[in-house]
Amino acid sequence: MNLPEFWSILTDDGDALLRGLQWTLALVVAAFALAMVIGAVICVLRCHARPGVRAIGTGYVEVFRNVPLLVLIFAIYLGLRHSGLAIGSFAAAVASLGMYSGAYIAEALRSGVIAVGAAQFEAADALGLSRSMVWAEVVLPQAARLVIAPLGNLLIGMIKNSAIVGTSILAVPDLMNQARQLQSQTFLTTETFLWAAIGYLLLTAVATSGANWLSRRFALVR
Amino acid sequence: MDYLFGPENYRWLLDVSNLRFLIQGFGINVATAAMAAVLSLILALPLALLRLQRNRVVARIAGTWIDVWRNLPTALVVLYVALATPSAVQEAVEQYAPGWFPEPMRSSGVIVGVVGLTLYYSALIAEVYRAGINAVPVGQVQAATALGLPRRDALRFVIVPQGVRAMTPALISQVISLVKNTTLISIIAVPEALRHAQILANSNFFSTGPQVPLLHVFVLTGLLFIALNIVLSRVSRSFETHSHVRSRSMSFA
C-alpha cells in the first residue's frame with residue numbers, strides 16, 4: 001500500500017467519498033424506518049390469535065430471512081419495473097433493504113413481546129382498550145424498550161448490508177459505489193477500499209454508541 | 001395482475017433447458033458455500049483458541065483481527081479480495097485447479113470468492129466458538145483442573161465436545177448467512193445462479209417464445225435459495241433442546 005497516494009485520495013476525491021457516505025446514511029435511515037414499521041406489523045401478525053393470520057406472518061419471516069439480499073434487489077428493481085411499476089433506484093434499494101431487515105426486526109420484537117408477557121395484554125383488555133390500542137400503546141412500546149440492544153445489532157447489520165446495494169446494478173451512489181468507481185479510475189485498490197472500510201467503521205461506531213446511549217436511557221430490564 | 005398470473009408468462013418454465021441453466025448456476029453457489037463453510041469452520045477454531053489464550057498479547061491480536069473482519073461489510077471484503085488479487089495469481093489458480101473440479105468452478109472468481117468469504121466468516125464463526133466455549137459450565141473447567149488435566153487436554157477432551165452441541169444452531173445460522181452471501185460473487189462475473197438468471201432474463205437463449213418475464217425468473221432464483229436455507233433451518237432446529245431459546249432470532253445476516 002502506498003501511503004502518499006492513500007492521503008492523496010482524501011484531497012483529490014474526498015468529496016466524492018463523503019457524498020457516498022451521506023447516501024449510505026440516507027439509505028440506512030430510510031430502510032431502518034421502513035423496517036421498523038414492517039417489523040411491528042409482522043410481529044403483530046405473528047402473535048395473532050388466529051392461526052391463518054399467524055401463518056402469513058411466519059411466511060413473511062421465513063421468506064425474507066432466507067432469501068439473499070442481492071436476489072431481492074434484482075427482483076424488486078428489474079422484476080417490478082418489467083411488470084410496469086416504475087420505481088426508482090433509491091426507492092428499490094430502500095424497499096429491498098427495508099423488507100429484508102423487517103423480517104429480523106419482527107423476530108426481535110416478537111421476543112420482546114413474549115418477554116412483556118400475557119399479563120400486560122390481559123390488564124389492557126380488562127381496562128377496555130381496543131386491540132390496536134393494546135398493541136400500539138401498551139405492548140409494543142414495552143417490547144421495543146426491552147430489545148434495544150438486539151435492535152442496535154440489527155442496525156449495524158443493516159449498515160453492512162447496505163454495501164451490497166452499492167455493488168449491485170442499482171444507481172445509488174453510496175459509499176461502496178463511489179469506492180468502486182474510484183478504484184476503476186485510479187487502480188489504487190487497497191487505498192480506496194481502505195477508505196471505504198474506514199467510512200463503514202465510522203458509521204458502525206456511531207450506530208453502536210447511539211444504541212448504547214438509547215439503552216442506558218430507555219431500556220427496561222425484566 | 002395479468003403479468004403476475006397470465007399463463008403466457010409461465011411458458012418459459014416448460015422448457016427444461018431454462019430450468020437446467022438456473023440450477024447449474026445454483027450448483028456453483030452451493031459448491032462455493034460448501035467450500036467456504038468447510039474452510040471457515042476449520043480455520044475459525046485455531047482463531048478462537050488464540051483469542052482465548054492466557055497470553056494477553058496474543059489474545060489481543062487475535063481479538064483485533066476478529067473484530068476488524070466482523071465489522072467490515074461482506075461485499076467490501078469479497079470485492080476487495082477479487083480486485084486486489086493480481087491477475088498473475090488468478091491465472092495461476094485457473095491453471096492449477098484440481099482435475100476433479102467441474103468445469104464452471106475452475107474460474108478464478110470462485111476461488112477468490114471462497115477466499116474472501118472465508119476471511120469474513122472465519123472471524124464470525126470464531127466468535128461463535130468463543131461464546132460456546134465460554135458457555136460451558138465453569139464447574140467442568142474446575143473439575144478438569146482438579147483432575148490434573150493440562151489446559152490443552154481440558155479443552156480437547158472436556159470443554160469443546162460439550163460446547164459443540166450447544167453451538168450447532170448458531171453455527172448453522174452462520175452457514176445460512178454464508179449461503180446467502182455467495183450471491184455476491186455474481187459481481188465478479190462468476191456464472192452462478194443470479195448471473196444465470198440475469199442472462200435468462202436478458203435473452204431468449206433456449207426458448208423461442210415471448211421474452212422471459214423478469215420478475216418470475218428472479219422469484220424462482222430466490223425460491224431456490226429459500227428452499228436450501230429452510231432445509232438448513234430445519235436441521236438446526238433439530239439440534240435445539242427445549243431449554244434453549246431459538247438462537248437465530250437475534251443473529252443477523
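The values are calculated or read from the model by the stated rules, or taken from the named source; none is laboratory data. Since the model is a prediction, treat every value here as computed from it, not as a measurement. No Cβ is skipped: glycine too gets one built from the backbone with ideal geometry, and neighbour counts run over all protein chains shown. Heads up: the accessible areas ignore ligands, DNA and RNA and are worked out on the full protein's heavy atoms, side chains in. Shrake-Rupley method; radii C 1.70, N 1.55, O 1.52, S 1.80 Å.
What about B:Gln24, is it in contact (Cβ under 8 Å) with a residue 12 or more places away in the chain and touching a helix residue (DSSP H, G or I) at 6+ places or on another chain (Cβ under 8 Å)?
Numbers: in contact (Cβ under 8 Å) with a residue 12 or more places away in the chain: yes; touching a helix residue (DSSP H, G or I) at 6+ places or on another chain (Cβ under 8 Å): yes.
When the stated conditions are applied, B:Gln24 passes them.
Against the definition (of a type in the set (Gly, Ala, Ser) and closer than 29 Å to B:Leu184 by Cβ), how does A:Ala86 come out, yes or no?
Answer is yes for this residue.
Would you be able to say whether some residue in region B:199-211 is within 12 Å of chain A (Cβ to nearest Cβ), open to solvent by 30 Å² or more (accessible area, probe 1.4 Å) and either at pLDDT 85 or above or in a helix (DSSP H, G or I) (or both)? Scanning region B:199-211 turns up at least one residue that is within 12 Å of chain A (Cβ to nearest Cβ), open to solvent by 30 Å² or more (accessible area, probe 1.4 Å) and either at pLDDT 85 or above or in a helix (DSSP H, G or I) (or both).
Taking each residue of region A:80-104 that is more than 10 Å from every other protein chain (Cβ to nearest Cβ) and looking for partners that are outside any helix (DSSP H, G or I) and not acidic (Asp, Glu) with beta-carbon atoms closer than 6 Å, six or more apart or interchain, yields A:Ser89/A:Leu170; A:Ser89/A:Ala171; A:Ser89/A:Val172; A:Phe90/A:Val172; A:Ala93/A:Leu170; A:Ala93/A:Val172.
If I filter region B:72-82 for residues that are open to solvent by 50 Å² or more (accessible area, probe 1.4 Å), within 30 Å of A:Leu194 (Cβ to Cβ), of a type in the set (Val, Ile, Thr) and within 14 Å of another protein chain (Cβ to nearest Cβ), do I get at least one hit? Spell out the reasoning first.
If we filter region B:72-82 for residues that are open to solvent by 50 Å² or more (accessible area, probe 1.4 Å), which is where we start, we get B:80.
Then drop every residue that is not within 30 Å of A:Leu194 (Cβ to Cβ), which leaves B:80.
Applying the additional criterion that residues be of a type in the set (Val, Ile, Thr) yields none.
Looking for residues that are open to solvent by 50 Å² or more (accessible area, probe 1.4 Å), within 30 Å of A:Leu194 (Cβ to Cβ), of a type in the set (Val, Ile, Thr) and within 14 Å of another protein chain (Cβ to nearest Cβ), one finds none in region B:72-82, hence no.
Within 13 Å of another protein chain (Cβ to nearest Cβ) and buried (at least 22 other Cβ atoms within 10 Å of the Cβ), is that true of B:Ala193? Yes, satisfied.
All conditions in (1) open to solvent by 30 Å² or more (accessible area, probe 1.4 Å); (2) more than 22 Å from A:Ile169 (Cβ to Cβ) hold for A:Ile9, with the sole exception of (1).
Among the residues of region B:96-145, write down those that are among the hydrophobic types (A, V, I, L, M, F, W, C) and under 17 Å from B:Ile187 (Cβ atoms). Break it down into steps so the answer makes sense when it comes.
First, pick out the residues of region B:96-145 that are among the hydrophobic types (A, V, I, L, M, F, W, C): B:97, B:100-101, B:105, B:110-112, B:114-115, B:117, B:119, B:123-126, B:128, B:131, B:133, B:135-136, B:138, B:141, B:143-144.
Answer for region B:96-145, where residues must be among the hydrophobic types (A, V, I, L, M, F, W, C) and under 17 Å from B:Ile187 (Cβ atoms): B:Val110, B:Ile111, B:Val112, B:Val114, B:Val115, B:Leu117, B:Leu119.
Once region B:15-69 is narrowed to residues that are over 12 Å from B:Ala126 (Cβ atoms) and not in a helix (DSSP H, G or I), the residue that is most open to solvent (accessible area, probe 1.4 Å) is B:Arg54.
When you check B:Thr85 against the structure, is it more than 29 Å from B:Val190 (Cβ to Cβ) and not charged (D, E, K, R), yes or no? Let's see the steps before the verdict.
Numbers: more than 29 Å from B:Val190 (Cβ to Cβ): no; not charged (D, E, K, R): yes.
No: the conditions fail for B:Thr85.
Residue by residue, here is whether (1) in a helix (DSSP H, G or I); (2) at the interface with chain B (Cβ under 9 Å from one of its Cβ atoms); (3) of a type outside the set (S, T, N, Q); (4) open to solvent by less than 50 Å² (accessible area, probe 1.4 Å) holds:
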residue	(1), (2), (3), (4)
A:Ala119	yes, no, yes, no
A:Gly152	yes, no, yes, yes
A:Ile156	yes, yes, yes, yes
A:Ile159	yes, yes, yes, yes
A:Met176	yes, yes, yes, yes
A:Ala196	yes, yes, yes, yes
A:Leu202	yes, no, yes, no
A:Thr208	yes, no, no, no
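Among residues of region A:80-102 being assigned to a helix (DSSP H, G or I) and surrounded by fewer than 22 Cβ atoms within 10 Å (Cβ to Cβ), the one that is farthest from the chain's Cα centre (by Cα) is A:His82. Of B:Leu149, B:Leu124, B:Leu119, B:Leu155, all but one fail to be surrounded by 12 or more Cβ atoms within 10 Å (Cβ to Cβ), in contact (Cβ under 8 Å) with a residue 40 or more places away in the chain and more than 22 Å from the chain's Cα centre (by Cα); the exception is B:Leu155.
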